[in-house]
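Report on one structure; see the data block that follows.
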């Protein structure tokens, strides 16, 4: 049975709410594959935000931070009006992980130094 990216994403969010993290991750991976195939940058960003929430639930704050960096980096500005909750998530993870981890994570994910506006 084939599903769409939005269906997969929705099922991933339900699994996340139920704390079924492996299932949530699998649904999000399926969603991400479809979004990447179609070049859906907004969908890719939001799915990385969900991956950040999954990592946070697992206690992997550094990984959560990196997913959120990837998510916000898909937008042309920071904070971008279209990015919804993502900047808030980045701030929350950065406060938990620390400034140095934010700088390292930003450099690792984007290949550039942390922009001043972030």
Quick one: in the range 99-118, which of the residues that are in contact (Cβ under 8 Å) with a residue 24 or more places away in the chain and either under 12 Å from the mean Cα position of the chain (by Cα) or within 23 Å of residue 54 (Cβ to Cβ) (or both) is surrounded by the fewest Cβ atoms within 10 Å (Cβ to Cβ)? 108
Out of all the residues in the range 87-98, is one or more under 13 Å from the mean Cα position of the chain (by Cα), at pLDDT 95 or above and crowded, with 22+ Cβ neighbours inside 10 Å? yes
The one condition in (1) in a helix (DSSP H, G or I); (2) at pLDDT below 95; (3) within 15 Å of the chain's Cα centre (by Cα) that residue 34 fails to fulfil: (3)
Between residues in the range 27-45 that are touching a residue at least 40 places away in the same chain (Cβ under 8 Å) and residues that are in a helix (DSSP H, G or I) and surrounded by 19 or more Cβ atoms within 10 Å (Cβ to Cβ), which pairs lie under 6 Å by C-beta distance while being six or more apart or on different chains? 45/71
Among residues belonging to the range 49-82 that are free of Cβ contacts under 8 Å to residues at least 24 places away in the same chain and part of a helix (DSSP H, G or I), point out the one that is surrounded by the most Cβ atoms within 10 Å (Cβ to Cβ). 67
Residue 6 versus (1) over 22 Å from residue 115 (Cβ atoms); (2) outside any helix (DSSP H, G or I): which is the lone unmet condition? (2)
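The values are calculated or read from the model by the stated rules, or taken from the named source; none is laboratory data. Since this is a predicted model, take the numbers as computed values, not measurements. Here the Cβ is made from the backbone with ideal geometry for all residues, glycine too, and neighbour counts use every protein chain on show.
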